[in-house]
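The values are calculated or read from the model by the stated rules, or taken from the named source; none is laboratory data. Not measured: the values here are computed from a predicted model. No Cβ is skipped: glycine too gets one built from the backbone with ideal geometry, and neighbour counts run over all protein chains shown.
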Amino acid sequence: MEPDKSALAEADLVRKSQKGDMASFEELVARYRDKIYARAYSMMRNEEEALDLSQDAWVKGWQRLAQFQGDSSFITWMTRIVINLCLDQLRKHKRQRSESIEAMEEEGGVERQMPVVNPNPTAGLERVELRERIDRALAQLSLQHRTVLVLHEFEELEYKEIAKRMKCSIGTVMSRLFYARRRMATLLASLRRENSE
Amino acid sequence: MKHDLELKVQAWLDGELPEREARRMGEWVARDAEASALAAELGCIRQAMFRNETAGALGEGREFYWSKIERQIQREAGPGRTDDLPWYARLRQYMAPLAGAAALACVLLMAVWQGAPTFDEISSTGEGMEAVTFHDQSAQMTVVWLQDSSAGAEDQSAKKTIRYEDEPGTVIDLE
């Protein structure tokens, strides 16, 4: 009978997986699949694409297990893999888009130049409600702005690291992040107005 | 406010400025109402998003989700590890090709030991025609049977036998 792996510590499961034990790897997948899927979904906003990319990430993870040295936690390492896959996919999407739309989004639209009307657009919101609104607002951002926001706010990456991953300059990262935040502020404020009406 | 300054306010907020510049920027933001309002808005979004990601929920069950990953790993051959297989399974992986090679070596040794085979027989079938070739090396003779197996040929005397010596092109007999 297959021994129960659910009681094993992450480090043990990783070590066994590195030796080729697929049952241990399956346990790691079961533990972190939601997190990996959530990261892919945050970036792609498409359930099917997120599902495929999260599964591809696990396959890549298995193939590169020997490279995992334990410098970071296993889930951080896996998250980096799924982010890279999402970024590759977003680059494919970008190639399919017209240059004019891309340039317009890069400019930052009207939000960038708007004065600050409400410095606290999330005031008085409960956590569940806030999460839901953030999710809805994120869905309305462009791929580039959503990506930079996810990498900075959720993954807590520095500008330099985001620029490296997105293959752009630090200036572009700063500009995209600025626009994304201002747009989020506008969207969250408008969602609050919608709900109060 | 100039866009460069807006970005600097943001960088200050994110802790991306060098210490000295960050101190100067902090002082300026505290004095300037516009910069202060912008910093408050950006900070609010930053704070709101921090650890407030919607938890993703997969629609697929554990087994189904894993089965697709497992299939892909096997298809792409993975890291090629066999450590998880039991010892007898690993041994069998090596023994099967070894046994085949040993059997072939035995046949070749027997052939060398007993001398080359004295005859070969080759049969080939085409549409409407069947051919059997018999070659006897010791008799230096090759016999070819040709049979017309097409429809309507059954009643006719369609069998032909050609026998010739191993001199190329020397036909000895024809029926």
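Taking the listed residues B:22, B:89, the one that is assigned to a helix (DSSP H, G or I), at pLDDT below 90 and more than 10 Å from every other protein chain (Cβ to nearest Cβ) is B:89, with no other qualifying. For residue B:43, all conditions in the list (1) in a helix (DSSP H, G or I); (2) over 20 Å from residue A:188 (Cα atoms); (3) modelled with pLDDT under 95 hold save one; what is the number of the exception? That leaves (2) as the condition not met.
Scanning region A:21-46 for residues that are more than 9 Å from every other protein chain (Cβ to nearest Cβ) and under 19 Å from residue A:143 (Cβ atoms) turns up A:43, A:44, A:45, A:46. Looking across region B:31-47, the residues that are touching a residue at least 24 places away in the same chain (Cβ under 8 Å), facing chain A (nearest Cβ under 7 Å) and either touching a strand residue (DSSP E or B) at 6+ places or on another chain (Cβ under 7 Å) or not charged (D, E, K, R) (or both) come down to B:38, B:42. Scan region A:4-12 and give yes if some residue there is under 23 Å from the mean Cα position of the chain (by Cα), crowded, with 16+ Cβ neighbours inside 10 Å and either more than 11 Å from chain B (Cβ to nearest Cβ) or under 17 Å from residue B:61 (Cα atoms) (or both), otherwise no. Looking through region A:4-12, none of the residues is under 23 Å from the mean Cα position of the chain (by Cα), crowded, with 16+ Cβ neighbours inside 10 Å and either more than 11 Å from chain B (Cβ to nearest Cβ) or under 17 Å from residue B:61 (Cα atoms) (or both). Looking across region B:48-66, the residues that are of a type in the set (A, V, I, L, M) and either outside any loop (DSSP other than H, G, I, E, B) or surrounded by fewer than 16 Cβ atoms within 10 Å (Cβ to Cβ) (or both) come down to B:48, B:49, B:55, B:57. Can you name the residue in region B:1-47 that is basic (Lys, Arg) and surrounded by 16 or more Cβ atoms within 10 Å (Cβ to Cβ) and, of all such residues, is nearest to residue A:181 (Cα to Cα)? Only one residue tops the list, namely B:46. With a requirement of 2 or more residues that are hydroxyl-bearing (Ser, Thr, Tyr), the helices (runs of 4 or more DSSP H) lying completely within region A:1-102 that satisfy it span A:22-44, A:74-96.
Conditions (1) in contact (Cβ under 8 Å) with a residue 12 or more places away in the chain; (2) more than 22 Å from residue A:76 (Cα to Cα); (3) under 17 Å from the mean Cα position of the chain (by Cα), marked per residue:
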residue: A:148; (1), (2), (3): yes, no, yes
residue: A:151; (1), (2), (3): yes, no, yes
residue: A:155; (1), (2), (3): yes, no, yes
residue: A:158; (1), (2), (3): no, no, yes
residue: A:162; (1), (2), (3): yes, no, yes
residue: A:168; (1), (2), (3): no, yes, no
residue: A:171; (1), (2), (3): no, yes, no
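From the list B:30, B:37, B:57, B:22, the lone residue that is within 50 Å of the chain's Cα centre (by Cα) and hydrophobic (A, V, I, L, M, F, W, C) is B:57.
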